[in-house]
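A.B. asks: Would you mind keeping the following structure in view while I ask a few things?
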Amino acid sequence: MTPLLEVTGLRIAFPGQHGPMYPVDGVTFSVRRGELLALVGESGSGKSLSCLAILGLVPTPGRIDPTSRILLGGTSLPDLNREAMRRVRGRRIGMIFQDPTTSLNPVFTIGRQLEEAVANHFPGPRAAIRARAVELLGEVGVPEPAGRLASYPHELSGGLRQRVMIALALSGEPDLLLADEPTSSLDVTVQAQILALLDRLRASRGMAVVLVTHDLGLVAGRADHVAVMYAGQVVERATAVRLFAAPAHPYTRGLFRSVPRLDAPVDRLAPIPGVVPTAARWPAGCRFHPRCPEALTQCQSESPALRHVGPDQSAACLLLDPPQAGG
Amino acid sequence: MRGPLAEVLRGAWRSPSGRWGLVTLLVIAALALAGPLVLNDPAAMPDVMAGAESPSLAHPLGTDALSRDVLSRTIHGARVSLGIAMLAVCLAMLLGTTIGAASGYRGGWIDTVIMRTVDAGLAIPRLLVLLLLVLVWERIPTMALAVVIGSTGWLGTCRMVRGEVLRLRQMEFVRAAQALGASSGRIILRHLIPNAAGPVAVSATLGVADVILLEAGLSFLGMGVQPPTPSWGGMILDARPVLLSAPWTSLAPGLAILVTVLAVNLVGDALQRALDPRSA
């Protein structure tokens with residue numbers, strides 16, 4: 001089965017003081033229909049920017065490098081003109097954002113915003129559009145949806161706002177939903193509800209979801225595939241089952257050590273020392289080597305490529321390379 | 001009415017100064033609208049030989065040097081002065097908001113060109129520009145005067161709206177609207193301008209006060225509203241030769257300007273405070 005979304009060698013250039021810099025630098029992943037792909041990594045690893053790039057919304061002055069390929073159902077998105085790209089947004093790909101307090105327009109009621117979004121994709125008589133808005137609110141689990149249409153965003157709780165945001169994203173009936181840290185600003189109990197909602201929608205609509213998160217705990221038992229990103233690159237890609245059973249990349253293992261677990265005794269959490277470097281100065285060689293506990297000398301000069309390290313699993317690490325022949 | 005904008009209006013109404021200003025303005029507007037229907041035409045019964053008469057029962061505010069009723073002329077003048085102010089400010093807000101929003105949203109070289117032009121325009125005194133523009137006409141029609149004043153009054157609003165748009169376009173709801181497939185026009189009209197409506201309302205209110213003063217100044221210089229159309233500035237000009245012998249002829253239009261501008265500014269300040277409580 002061909003993937004719904006195929007991103008190959010995605011590279012995003014921003015002009016910098018010393019020539020262009022690439023906060024996203026050769027990212028490759030794909031999502032199949034109905035599948036949940038988790039993009040995992042620390043802040044600054046390029047997860048959100050990759051999502052915006054798929055929608056053609058890289059903030060100025062950023063540019064998608066022409067060598068990048070983004071295919072949606074076989075159509076190359078960067079080659080579409082503005083108008084065609086606009087019709088992809090919302091209609092083929094929906095997106096929800098981290099902070100539901102700022103992602104709804106504060107001066108209009110949620111009913112008006114939803115109705116406008118519905119009418120934008122499916123013009124029709126007012127009554128039908130209103131009915132559709134109520135239906136959408138019901139689908140995302142907003143209680144008393146008809147009465148809620150007259151509410152302003154500030155009158156709703158964070159969890160309800162995020163549900164409204166999801167309803168907006170669903171208004172165009174997209175095949176793919178990009179969820180950029182959709183639960184980071186919510187209470188833990190509400191987080192679970194929103195994630196359960198995404199699971200339910202994925203099942204009922206056969207919609208693919210790209211879940212961007214820095215929290216491996218959210219991914220467990222939910223994602224089909226996981227792509228771990230570091231410093232603008234994918235360092236490990238695997239099925240969720242494989243990744244949780246046997247993380248291959250030192251960075252992935254570091255992420256696991258910094259997450260509390262209930263199923264195994266842990267003496268203390270071991271955070272990864274240091275922070276993600278900035279795009280202006282990615283380290284030479286393997287970008288993780290300055291923070292890597294297992295780094296070798298050649299890690300400072302050689303950049304590893306993603307290669308298969310097991311069934312449904314690949315990682316980019318020199319430690320995992322087969323021994324060099326000859327020598 | 002509900003919603004954040006209605007909330008701002010209610011906040012302005014709650015402050016005593018805002019309420020006084022609004023009530024005063026409503027009274028002035030009602031007089032301007034209804035007064036001319038009741039009062040006789042100020043020039044209807046000219047008794048030129050009589051000259052300026054002091055206030056009496058027949059003429060509560062007296063008559064001017066051409067023996068026209070001062071009360072009647074002041075109220076007719078309110079219609080002209082407020083009418084010009086409304087028209088000019090609407091034009092200025094329309095221009096300032098559209099150009100500012102487009103400039104801020106598009107960014108790039110278009111934005112740079114527009115903003116440098118605005119900076120240059122703001123560096124030239126507005127009265128000077130108006131005096132030059134008005135020279136095109138020998139006797140400027142009132143409507144043209146309003147348009148000329150309006151078309152020189154949008155620069156400040158343009159810069160303010162552009163600033164708001166730059167701030168708003170970073171907000172996630174604008175990005176969310178883009179991600180939903182909204183067109184640029186829709187984003188500007190539905191998301192950016194409505195969220196900038198508060199500051200625009202303040203700017204418009206204060207703009208009304210500016211225009212009333214500018215028009216009075218121009219008319220006083222004889223370059224504004226042309227006689228016999230009554231305007232407050234023009235009445236003061238007419239009263240100048242008899243300033244000491246018939247002070248009521250300049251007092252009435254002078255007070256009218258003072259009270260109106262004060263009321264407008266009170267409303268503007270109240271709106272500003274309601275919009276941003278920290279500025280109080």
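The values are calculated or read from the model by the stated rules, or taken from the named source; none is laboratory data. Fair warning: this is a prediction, and the values are worked out from it, not measured in the lab. With ideal geometry, Cβ positions are generated from the backbone for all residues, glycine too; neighbour counts draw on all protein chains shown.
A.B. asks: If you take the residues of segment A:100-129 that are aliphatic (A, V, I, L, M) and in a helix (DSSP H, G or I), which of them is surrounded by the fewest Cβ atoms within 10 Å (Cβ to Cβ)?
C.D. replies: Checked segment A:100-129; the qualifying residue surrounded by the fewest Cβ atoms within 10 Å (Cβ to Cβ) is A:Ala127.
A.B. asks: Quick check on A:Thr67: is it more than 14 Å from chain B (Cβ to nearest Cβ) and either in contact with a His (Cβ under 8 Å, 6 or more places away or on another chain) or surrounded by fewer than 20 Cβ atoms within 10 Å (Cβ to Cβ) (or both)?
C.D. replies: Values: more than 14 Å from chain B (Cβ to nearest Cβ): yes; either in contact with a His (Cβ under 8 Å, 6 or more places away or on another chain) or surrounded by fewer than 20 Cβ atoms within 10 Å (Cβ to Cβ) (or both): yes.
It is true that A:Thr67 is more than 14 Å from chain B (Cβ to nearest Cβ) and either in contact with a His (Cβ under 8 Å, 6 or more places away or on another chain) or surrounded by fewer than 20 Cβ atoms within 10 Å (Cβ to Cβ) (or both).
A.B. asks: Another question about this same structure. Which of the residues belonging to segment A:71-99 are of a type in the set (A, V, I, L, M), more than 7 Å from every other protein chain (Cβ to nearest Cβ) and not in a helix (DSSP H, G or I)? It would help to see each step written out before you state the result.
C.D. replies: If we filter segment A:71-99 for residues that are of a type in the set (A, V, I, L, M), which is where we start, we get A:71-72, A:77, A:80, A:84-85, A:88, A:93, A:95-96.
This time we only want the ones that are more than 7 Å from every other protein chain (Cβ to nearest Cβ), so: A:71-72, A:77, A:80, A:84-85, A:88, A:93, A:96.
Within segment A:71-99, A:Leu71, A:Leu72, A:Leu80, A:Ile93, A:Ile96 meet the criteria.
A.B. asks: Taking the condition of being polar (S, T, N, Q) and part of a helix (DSSP H, G or I), how many residues in segment A:149-197 meet it?
C.D. replies: At the first step, the residues of segment A:149-197 found to be polar (S, T, N, Q) are A:151, A:157, A:162, A:171, A:183-185, A:189, A:191, A:193.
Those still in the list that are part of a helix (DSSP H, G or I) too: A:162, A:189, A:191, A:193.
Number of matching residues: 4.
A.B. asks: Residue check, A:Ser48 against (1) assigned to a helix (DSSP H, G or I); (2) within 13 Å of another protein chain (Cβ to nearest Cβ); (3) surrounded by fewer than 18 Cβ atoms within 10 Å (Cβ to Cβ), all met but one. Which one?
C.D. replies: Among (1) assigned to a helix (DSSP H, G or I); (2) within 13 Å of another protein chain (Cβ to nearest Cβ); (3) surrounded by fewer than 18 Cβ atoms within 10 Å (Cβ to Cβ), A:Ser48 violates only (3).
A.B. asks: Just to be sure before I move on: is A:Ala53 in contact (Cβ under 8 Å) with a residue 40 or more places away in the chain and either more than 9 Å from every other protein chain (Cβ to nearest Cβ) or farther than 23 Å from B:Arg190 by Cα (or both) in the structure I sent?
C.D. replies: yes
A.B. asks: Which one of these is more than 14 Å from chain A (Cβ to nearest Cβ), under 22 Å from B:Arg79 (Cβ atoms), without any contact (Cβ under 8 Å) to a residue 60 or more places away in the chain and of a type outside the set (Phe, Trp, Tyr): B:Ala204, B:Ala123, B:Ala144?
C.D. replies: Numbers: B:Ala204 fails: without any contact (Cβ under 8 Å) to a residue 60 or more places away in the chain; B:Ala123 fails: under 22 Å from B:Arg79 (Cβ atoms).
Result: B:Ala144 is the single residue among B:Ala204, B:Ala123, B:Ala144 that is more than 14 Å from chain A (Cβ to nearest Cβ), under 22 Å from B:Arg79 (Cβ atoms), without any contact (Cβ under 8 Å) to a residue 60 or more places away in the chain and of a type outside the set (Phe, Trp, Tyr).
A.B. asks: Which pairs have Cβ atoms under 8 Å, sit 6 or more apart or on different chains, and link a residue in segment A:165-177 that is without any contact (Cβ under 8 Å) to a residue 60 or more places away in the chain and buried (at least 24 other Cβ atoms within 10 Å of the Cβ) to one that is assigned to a helix (DSSP H, G or I) and of a type in the set (D, E, K, R)?
C.D. replies: A:Ala167/A:Glu139
A.B. asks: Considering only residues that are touching a helix residue (DSSP H, G or I) at 6+ places or on another chain (Cβ under 7 Å) and either more than 10 Å from every other protein chain (Cβ to nearest Cβ) or within 29 Å of A:Gly124 (Cβ to Cβ) (or both), which ones fall in segment A:167-185? Spell out the reasoning first.
C.D. replies: Let us first name the residues in segment A:167-185 that are touching a helix residue (DSSP H, G or I) at 6+ places or on another chain (Cβ under 7 Å), namely A:167-168, A:170-172, A:177-180, A:182-183, A:185.
Those that are touching a helix residue (DSSP H, G or I) at 6+ places or on another chain (Cβ under 7 Å) and either more than 10 Å from every other protein chain (Cβ to nearest Cβ) or within 29 Å of A:Gly124 (Cβ to Cβ) (or both): A:Ala167, A:Leu168, A:Leu170, A:Ser171, A:Gly172, A:Leu177, A:Leu178, A:Ala179, A:Pro182, A:Thr183, A:Ser185.
A.B. asks: What are the residues in segment A:198-251 that are of a type in the set (Val, Ile, Thr) and part of a helix (DSSP H, G or I), if any? Don't jump to the end; show me each part of the working.
C.D. replies: So in segment A:198-251, the residues of a type in the set (Val, Ile, Thr) come out as A:209-210, A:212-213, A:219, A:226, A:228, A:234-235, A:239, A:241.
Scanning segment A:198-251 gives A:Val219, A:Val241.
A.B. asks: Also, quick follow-up: If only one of A:Pro61, A:Pro78, A:Pro15 is out of contact with any Pro (no Cβ under 7 Å at 6 or more places or on another chain) and surrounded by fewer than 20 Cβ atoms within 10 Å (Cβ to Cβ), which one is it? Before you say what the answer is, go through the steps one by one.
C.D. replies: Values: A:Pro61 fails: out of contact with any Pro (no Cβ under 7 Å at 6 or more places or on another chain); A:Pro15 fails: out of contact with any Pro (no Cβ under 7 Å at 6 or more places or on another chain).
Criteria check complete, one pass: A:Pro78.
A.B. asks: So which of A:Ala196, A:Ala192, A:Ala208, A:Ala167 is over 23 Å from A:Arg130 (Cα atoms) and at pLDDT 90 or above?
C.D. replies: Working: A:Ala196 fails: at pLDDT 90 or above; A:Ala192 fails: at pLDDT 90 or above; A:Ala167 fails: over 23 Å from A:Arg130 (Cα atoms).
Just one listed residue meets the conditions, A:Ala208.
A.B. asks: Considering every residue within segment B:159-172, establish whether at least one is within 17 Å of the chain's Cα centre (by Cα), more than 13 Å from chain A (Cβ to nearest Cβ) and modelled with pLDDT of 90 or more.
C.D. replies: Of all residues in segment B:159-172, those within 17 Å of the chain's Cα centre (by Cα) come to none.
No; the residues of segment B:159-172 include none that is within 17 Å of the chain's Cα centre (by Cα), more than 13 Å from chain A (Cβ to nearest Cβ) and modelled with pLDDT of 90 or more.
A.B. asks: Among the residues in segment B:213-227, are any closer than 30 Å to B:Asp69 by Cβ, out of contact with any Leu (no Cβ under 9 Å at 6 or more places or on another chain) and touching a residue at least 40 places away in the same chain (Cβ under 8 Å)?
C.D. replies: The answer is yes; a qualifying residue exists.
A.B. asks: Could you list, ordered by first residue, the pairs with Cβ atoms under 7 Å in which the first is in segment B:159-181 and surrounded by fewer than 21 Cβ atoms within 10 Å (Cβ to Cβ) and the second is of a type in the set (Asp, Glu), at least 6 apart or interchain?
C.D. replies: B:Glu172/A:Asp99
A.B. asks: For segment B:160-187, name all the residues that are over 29 Å from A:Phe122 (Cβ atoms) and in a helix (DSSP H, G or I).
C.D. replies: Taking segment B:160-187 first, the residues over 29 Å from A:Phe122 (Cβ atoms) are B:160-167, B:170.
Listed by number, the residues that qualify are B:Met160, B:Val161, B:Arg162, B:Gly163, B:Glu164, B:Val165, B:Leu166, B:Arg167.
A.B. asks: So is B:Ile114 touching a Cys at 6+ places or on another chain (Cβ under 6 Å) and more than 30 Å from B:Pro230 (Cα to Cα) or not? Break it down into steps so the answer makes sense when it comes.
C.D. replies: Working: touching a Cys at 6+ places or on another chain (Cβ under 6 Å): no; more than 30 Å from B:Pro230 (Cα to Cα): yes.
No, not satisfied.
A.B. asks: Check off (1) modelled with pLDDT under 70; (2) loosely packed, with under 14 Cβ neighbours inside 10 Å; (3) part of a loop (DSSP other than H, G, I, E, B) for B:Pro42 and give me the number that stays unchecked.
C.D. replies: Of the numbered conditions (1) modelled with pLDDT under 70; (2) loosely packed, with under 14 Cβ neighbours inside 10 Å; (3) part of a loop (DSSP other than H, G, I, E, B), the odd one out for B:Pro42 is (2).
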